[in-house]
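Read the figures in this text as sums done on the coordinates, not as results from a lab. Values in this document were obtained by computation on a predicted structure and should not be read as measured data. Don't worry about glycine lacking a Cβ; one is built from the backbone with ideal geometry, like all the others, and counts go over all protein chains shown.
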Amino acid sequence: MDNILVAKNVSKSYGDYKALSNISLEIPKNCIYGLLGPNGAGKTTFIRIINQITYQDSGEILFNGSPLMPEHISMIGYLPEERGLYKSMKVGEQALYLAQLKGLSKNDAKKRLKYWFDRLDIGDWWNKKIQELSKGMAQKIQFIVTVLHEPKLLIFDEPFSGFDPINANIIKDEILQLKEKGTSIIFSTHRMESVEELCEYIALIHKSEKILDGKLSDIKKAYKNNIFNVGLETELDGNAFMKTLEDKYHILSSKFDAKEKQLDFTVQLPSNTTTNILAELSRQANINRFEETIPSANDIFIQTVNNKENDR
Amino acid sequence: MIGKLGLIIKREYLAKVRNKSFIIMTILSPLLIVGMIVLIAYLIRINDSEKRVISVLNESEFFDHQFKTSQSMSFVRFQNLSLQEAKDSTSSLGYYGLLYIPKGTNLEQVSKSAFLYTKDNPNTNVTQRLESVFQTQLRQKKLSKLGVSSTQFQDIEEPFEINLATFEGEKSVKGINEIKAFIGGGFGYAIMMFIIIYGGFVMRSVIEEKTSRIIEVIISSVKPFQLMLGKIIGTSLAGITQFTIWIISASLLLFLVMLFLDIDLSAIAAETSITPQTMGGMEQFPVSSNSEMMLYAKEILNIPWILLISSFLIYFILGYLIYSSIYAAIGAAVDNETDTQQFIFPIILPLMLAIYVGFFSVFSNPHGPIAVGFSLFPLTSPIVMLMRLPGGIGEGGVPLWQLILSIVLLIGTFLGIVWLAAKIYRVGILMYGKRPTYRELFRWLKY
């Protein structure tokens, strides 16, 4: 029971169009899980199936160990990509209504709303209509409505679109706080860099298929290819020095700035041979940078897709 | 589950009732309706008070007292004037026309050479009235030649109306079929108006949820079908509220207006009457005797009101649910209101057909094949069956099997249509971008 959600061979098609084919995923409890992939890959369909907005054609979904049922709805909070609020309804009324639809009593909902409104510093909006608020303001309210019923599983579809950087940061902090309190969180996005830093686990979805999933750090380890960025401060002639290095190592690129006496290069090393080059370099120059390049989720995605295409 | 449905109904109801244009319509409509009635009454009064004056230059020895002043016409006698002088003074006095009857001793001769001079082409009512005076005189003359006395002549002229009775021997009165169909038609018309107004509300409310993008937030908490049902019920409750306010305030207003302005409603009723005894020339309405009035009252009381009202409720609820779920499905299928036209027309069509075909066929024969067919066909039956029902069920009225079959068909259609509409709704609310074709809608049913 370490997984909040398990999907087994879930498939879904709309007519001839395959939206999901045989997706299997395990989403651990109390972590942030990134569901990554380009637009139209099938992420939203998968999320809608979790929210029981549509149903899979085949396969099974377990929530907290038992098959997904209508009563699980109140344990899930969902911020859809296509989101909005009733324009002519007052903020407070609207939030109360949506909270009650999630199963909260009116009094509970009121209490919690007051807490959240104070927390996000929007207490005086209660009697305003949505059409009087800016888009970013409305997004804050939407966030509150999503988390108000303290769901076990929170699903955010493109959470940061529509937020300005300041508010995006506020929301990001709130999400991390919720995770600290034990909530499991799914992030779905096509802008992989935006959530990469938050996610412990990711799944890559491409053209309705899962092409990769697992712990992000493990994936990165598996996908790194021993390429290092090196920076040297040296009195030597950089270009001549590079020549000598190129004979011994697989240099990918280099740049010498004579004025600053700074030599930068990227090198691919056979595994576990960093000590050799470090020893050699430190004898002749002052090393001010030596780091392994970690592939981004985006790089990994592109590489995996390419590998897949090549396999065929 | 019920709790959530209640929440949705409450929200939809309040959203509708608090809407500014809804409030304005609720207040304004009775004023408009009563205003219209007052205006019509006023116009009729003006129309009535316009009396036509005809000057008569009678040089013959006939027609001494035959031209009698009536409500809409009066006669002025000219004497010792030449025809030209009479014409001139008629036009300078602003009279409507001059009737010239030349000298003569032969009635036929005189009548043939009589002339009506007017400024423009004369009104048909005027000519008919004058012609009938001549006709009566001529007929009386010819009959007296045959030895019929003038009192006998009066006897002959007595108007005649046939006595009517049903096979059961109950006395019936003229036009009662029309009155009954009219009452039933009133109910049917109310259903149609309700469907068109509040079905449109349901549709717009669905479109609003789509365009404001709140829909996915909501259906992650409740089932789309619950939302659709709650929306339809909430909107119709708002509609019933509005209708009730309209009826109460309009009748109150009308009562007050009548009290203060002393407007005779029966005059309007007579003017706009649909009874077949429309004015024939100068003939007065056949003055309904007291006993005849009693018969009408009895017939109207005889209308099976309980049956009629309970069937009204059944047909109203089922018919409204069928149509409003179609409206909801249309709202879900499109992104904005301008795209709805192509879908709305096909559903307005059966309603219009029901009203017009219903009125024509049920008026002429409540149990003819067209009337029966339309009162069985589920999309028109709520309106047409209600037009037929005031005649009662069983003998002389709607056969019981027709009523039952009609309701069974309606319930079957209701289940089928709501099921289909819910499917289209469920898929449509999450589709953005382009206007779907009928073929795509059909494909959605399989998702």
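A few notes on this one:
- Order of B:TYR96, B:TYR42 - criterion: other Cβ atoms within 10 Å of each residue's Cβ, fewest first: B:TYR42, B:TYR96
- Positive-end ranking of A:LEU212, A:PHE256, A:THR183 along the dipole of the stretch A:152-266, with charges on Cβ about the Cα centre, is headed by A:LEU212.
- Charge dipole of chain A (Cα centre as origin; +1 on each Lys and Arg Cβ, -1 on each Asp and Glu Cβ, all else neutral): 1160 debye, rounded to the nearest 20.
- Furthest towards positive pole of dipole, B:LEU253, A:PRO80, A:LEU104, structure part the protein assembly as shown, Cβ charges: A:LEU104
- Overall form of the stretch A:71-177 per C-alpha gyration tensor (a/c, 1.5; a/b vs b/c): rounded
- Look at A:THR183, B:THR124 and count the other Cβ atoms within 10 Å of each Cβ; fewest to most, that gives B:THR124, A:THR183.
- For the stretch A:152-238, trypsin sites (Lys or Arg not before Pro) meeting the loop criterion (DSSP other than H, G, I, E, B) and having at most 11 other Cβ atoms within 10 Å: A:LYS181.
- Working from Cα pairs under 8 Å separated by at least six residues, relative contact order for chain B is 20 percent.
- Total charge dipole magnitude, the protein assembly as shown, about the Cα centre, Cβ charges on Lys, Arg, Asp, Glu only, Debye to nearest 20: 600
- Shape category assigned to the protein assembly as shown from the gyration tensor of Cα positions, a/c cut at 1.5: prolate
- Restricting the GluC sites (Glu not before Pro) of the stretch A:210-273 to loop positions (DSSP other than H, G, I, E, B) with no more than 11 neighbouring Cβ atoms within 10 Å leaves A:GLU235, A:GLU260.
- Close amide H partners of A:SER58, meaning residues 5 or more places away or on another chain with modelled amide H under 5 Å apart, are A:SER11.
- In the structure shown, the pairs A:LYS129/B:LYS20; B:LYS223/B:LYS423; A:LYS210/B:LYS210 are assessed against 23 Å; a Cα-Cα span above that value is assigned to A:LYS210/B:LYS210.
- For the stretch B:1-110, the normalised intensity computed at q = 0.12, 0.15 Å⁻¹ comes to -0.65, -0.81 (log10 of I(q)/I(0), Debye sum over alpha carbons, equal scatterers, no solvent).
- The stretch A:1-121: C-alpha gyration tensor shape, a/c 1.5 cut-off, then a/b vs b/c: prolate
- Cut-off under 5 Å, modelled amide H: who pairs with B:PHE78 long-range: B:VAL56, B:LEU57, B:ASN58
- When shorter helices are ignored and each DSSP H run of at least 4 residues is given -39500 (n - 2.57), the per-residue value for the protein assembly as shown at 222 nm works out to -17500 deg cm²/dmol.
- The GluC sites (Glu not before Pro) of the stretch B:1-102 meeting both criteria, a DSSP state outside H, G, I, E and B (loop) and at most 10 other C-beta atoms within 10 angstrom of the site's C-beta, are B:GLU50.
- Chain B, Rg to Rh (Cα coordinates; Rh as Kirkwood inverse mean 1/r): 1.14
- Charge dipole (the stretch B:30-80, unit charges on Cβ, about Cα centre) - positive-most of B:VAL38, B:GLN79, B:PHE63: B:VAL38
- Put a plus charge on the Cβ of each Lys and Arg, a minus charge on the Cβ of each Asp and Glu, and nothing anywhere else: the dipole of the stretch A:168-229 about its Cα centre is then about 200 debye.
- Partners of B:LYS103 within straight-line reach, counting aspartates and glutamates whose Cα lies under 15 Å from its Cα and excluding those fewer than 8 residues away in the same chain: B:GLU59, B:GLU61, B:ASP64.
- Neighbour-count ranking [beta-carbon atoms within 10 angstrom, fewest first] of B:TRP305, B:TRP401: B:TRP401, B:TRP305
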